[in-house]
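Below is one structure, written out as structure tokens; comments come after it.
Throughout, read-outs are computed from the coordinates displayed, never taken from laboratory work. Keep in mind it's a predicted model, so treat the numbers as computed, not measured.
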Amino acid sequence: MLDGVAVNDVLRALAPGLVRLLVNPLLYAGAGLVLWDVWRNARHERAFFGVRVTRRRRLVLALAGLSALGGALVSAWDVALRAAVGPGEVWAVSVFALLLALIRPRWLSPLYAATLLATVAGVAAWAAPGGAGTGWTGGWPAPSELGRVAWAVVDGFHTAGWAALLAGVTLCEALLLALFQTRRLRPVYVLSKR
């Protein structure tokens, strides 16, 4: 058991991370997307069946609880593997995922975005004459400020950290699907051409 001093030490160690999580706009953007998806699905159910089958409040609470559980599991996984990625990379992967979603909404996933950015970083490291980390721009004209930021993200992309992080996310998703399948989390209908 933990005594009072150890609990205080643990809480002091967790406090900065919790504060960073609560001020992160990506948390609220993701929560907004989940709420929008639940509302949209309930609206479609009413249009298709004339009644709403899914209980929105219960579904949102279940998704929030499972998200917190999944976040704790992935965090423990990342701590165990010492996987770390920079905040600039998180923003880059998030923006790139949103750009991919403009092409096809199904591609709104960090798995696709991080994989493509890791591929671009690998090709850039291979193509640079001095290797990765040289800041090489291939003799092209001086890039704009946005170009410099993009090159810095690609040049310093932590592929191993993202691989560990996304492996944890995928394993957590597989665990949650194995435990709950989709019967409690998704609406009853399936979109079809009819």
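For L108, nonlocal amide neighbours, meaning residues 5 or more places apart or on other chains whose placed amide H falls under 5 Å from its own, do not occur. The HN-Hα couplings worked out from phi for region 59-67 by the Karplus form 6.51 cos²θ - 1.76 cosθ + 1.60 (θ = phi - 60°) are 5, 5, 5, 5, 5, 5, x, 5, 5 Hz, whole numbers, x standing for Gly and Pro. Per-residue 3J(HN,Hα) values for region 88-101, derived from phi via the Karplus relation 6.51 cos²θ - 1.76 cosθ + 1.60 with θ = phi - 60°, read x, 5, 4, 5, 4, 5, 5, 5, 5, 5, 5, 5, 5, 5 Hz in sequence order (x marks Gly and Pro).
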